[in-house]
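A.B. asks: My structure is below; once you've seen it, I'll send some questions.
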Amino acid sequence: MLIWGLFLVLIIIFLALDLGVFNKEDHVIKTKEASIWTAVWVTVALAFSGVIYWLFSSGLIENPTGLTPKGAVLKYITGYLIELSLSIDNVFVIAVIFTSFKIPLIYQHRVLFWGILGAIVFRALMILFGVALITRFDWIIYVFGVFLLYTAFKMLKGDDDNFDPKNSFVFRQIKKVYPITTQINGHDFFIKKMGLNAATPLFVALIVIELTDILFALDSIPAILAITADPFIVFTSNILAILGLRSMYFLISRMLQKFRFINYSLVVILAFVGIKMLLSHHVEFPEWLSLGVIALALIGGIVASLVIKDTGALEEGEKE
């Protein structure tokens, strides 16, 4: 548990430096700044693979699944890439939420910062619960596999494209239990209005994003559990990917329209992981294969988006 505690302390230090030093003053995150921070978080995550190797080679961390140091590193990187790739869809939803509640760009980083704290707690609970289920009930892996294939099918159909935060169940429940104002007062989550405390759009957006993240975790955590049931690898790869997502949001949200085929990459990843889960007791997939499929799916979606012209956009341009 000492290693787990040290990891959490490291995350707290990172977050304290983020809001207390580098982003103490509210400001709009420009593309250059977002690119630098994205590079920093990706570097930190990849460098942590060295820590994983050291922990598993020295025996300082529990190794319930009997992984070799090299195998642990491959599973960590694969899990990190899965979480990072599936988070791309989350970026789109966050952008929709911010737009719907009219959150100014200058305050979006603060909302995402506080959102990460809740995400760490909820994901830790979900990961421990998922690992416990797989360890105790072998058959649960088939349930996860079918669920991921169903999610891939839904994503392929595009059933979630018309998401409206203000019509969501979460928003309706918040309105029932707490007064809400449309007034934004700096970066405050609550203000006093007519003698009553009222939640500002920043707080509402935070709660909706938090609960939406839990829904997305229902996809990503089973997907990582298909790679390994080692709780430390699942947790660390998940959390470091989420930390990077905040910086990536300000970078990727501006480019989502350009990468229109990336959703197909996510479909391939979810389908592959779902099939891997269903065949887990019959076929052994090498770590390099999982890593290769995920990397190729992402690269393929990006390249296709850049090479294949958007005929719809061209037709609209010609009409204008």
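What follows is calculated from the coordinates using simple rules that are stated; it is not laboratory data. In this text the structure is predicted, and so the values were computed from the model without any measurement. For neighbour counting, all protein chains shown are included, and Cβ atoms are generated from backbone atoms with ideal geometry for every residue, glycine included.
A.B. asks: What's the local net charge at Phe147, with K and R +1, D and E -1, over the other residues with C-beta under 14 Å away?
C.D. replies: Charge balance in the 14 Å sphere: +1.
A.B. asks: Would you mind checking Lys102/Lys193; Lys24/Lys70; Lys32/Lys175; Lys166/Lys193 for any pair whose Cα atoms are more than 28 angstrom apart?
C.D. replies: Pairs exceeding 28 Å: Lys24/Lys70; Lys32/Lys175.
A.B. asks: Tell me the angle of helix 105-136 to the major Cα principal axis of the chain, expressed in degrees between 0 and 90 and rounded to the nearest ten.
C.D. replies: 30 degrees
A.B. asks: With charges set only on the Cβ (+1 for Lys and Arg, -1 for Asp and Glu), what does the dipole of the chain come to about its Cα centre, in debye to the nearest 20?
C.D. replies: Roughly 600 debye for the chain.
A.B. asks: Taking neighbour Cβ counts within 10 Å as the exposure measure, how do Ser58, Ser247 sort from fewest upward?
C.D. replies: Ser58, Ser247
A.B. asks: Here's a follow-up. So what are the ³J(HN,Hα) numbers for region 266-280, from phi and the Karplus equation (6.51, -1.76, 1.60; θ = phi - 60°), rounded to whole Hz, Gly and Pro as x?
C.D. replies: 5, 4, 4, 5, 4, 5, 4, 5, x, 5, 4, 5, 5, 9, 4
A.B. asks: So what are the chain's ellipsoid semi-axes, whole angstrom, largest first, if each one is the square root of 5 times an eigenvalue of the alpha-carbon gyration tensor?
C.D. replies: Over the Cα atoms of the chain, the ellipsoid semi-axes are 32, 25, 20 Å.
A.B. asks: Can I ask one more? 222 nm [θ] for the chain, helices only, -39500 (n - 2.57) per DSSP H run of 4+, per residue, to 500?
C.D. replies: Computed ellipticity for the chain at 222 nm equals -25000 deg cm²/dmol.
A.B. asks: Follow-up question, since we're still on this one. At 0.36 nm per residue, minus the direct Cα-Cα distance, what do Ala295 and His281 gain on full extension? Give it in nm, one decimal, please.
C.D. replies: Between Ala295 and His281, full extension yields 2.6 nm more.
A.B. asks: Could you work out how far apart the two model spin labels at Ala95 and Leu17 are, taking each label as a point 7 Å from the Cα in the direction of the beta carbon, and quote it in nm?
C.D. replies: 2.9 nm
A.B. asks: Helix 31-58 versus the longest principal axis of the chain: what angle, 0 to 90°, nearest 10, using Cα atoms?
C.D. replies: The two axes meet at around 30 degrees.
A.B. asks: Starting from the 7 Å offset along Cα-to-Cβ, what nm value, one decimal, do you get for the label separation of Asp26 and Thr135?
C.D. replies: 4.4 nm
A.B. asks: Working out 0.36 nm times the residue gap between Leu2 and Phe113, then minus their Cα-Cα distance, what length gain in nm do you get to one decimal?
C.D. replies: Numbers: separation 111, 0.36 × 111 = 39.96 nm, distance 2.57 nm.
Difference between extended and current length: 37.4 nm.
A.B. asks: Based on the Cβ-Cβ distance from Phe261 to Lys154, what FRET efficiency comes out when R0 is 22 Å, to the nearest 0.05?
C.D. replies: Between Phe261 and Lys154 the formula returns 0.80.
A.B. asks: So, one more: Hey, got the dipole for region 1-153? About the Cα centre, +1 on K and R Cβ, -1 on D and E Cβ, debye to the nearest 20?
C.D. replies: That gives a dipole near 80 debye.
A.B. asks: Under a 10 Å cutoff between Cα atoms, tell me which one of Val273, Val131, Val170 has the largest fluctuation in the Gaussian network model of the chain.
C.D. replies: Result: Val170 has the largest fluctuation of those listed.
A.B. asks: Label Gln173 and Ala47 with points 7 Å out from Cα along Cα→Cβ: what is the distance between them in nm?
C.D. replies: 4.0 nm
A.B. asks: I would also like to ask the following. Angle between the Cα long axis of helix 231-252 and the longest principal axis of the chain, 0 to 90 degrees, nearest 10?
C.D. replies: 40 degrees
A.B. asks: Mind checking which of Glu287, Glu83, Glu33 has the largest fluctuation in a GNM of the chain, springs on alpha carbons under 10 Å?
C.D. replies: So, out of Glu287, Glu83, Glu33, the one fluctuating most is Glu33.
A.B. asks: Picking from Asp138, Asp26, Asp89, which is most flexible by a Gaussian network model of the chain using Cα springs under 10 Å?
C.D. replies: Comparing Asp138, Asp26, Asp89 in a Gaussian network model of the chain, the most mobile one is Asp138.
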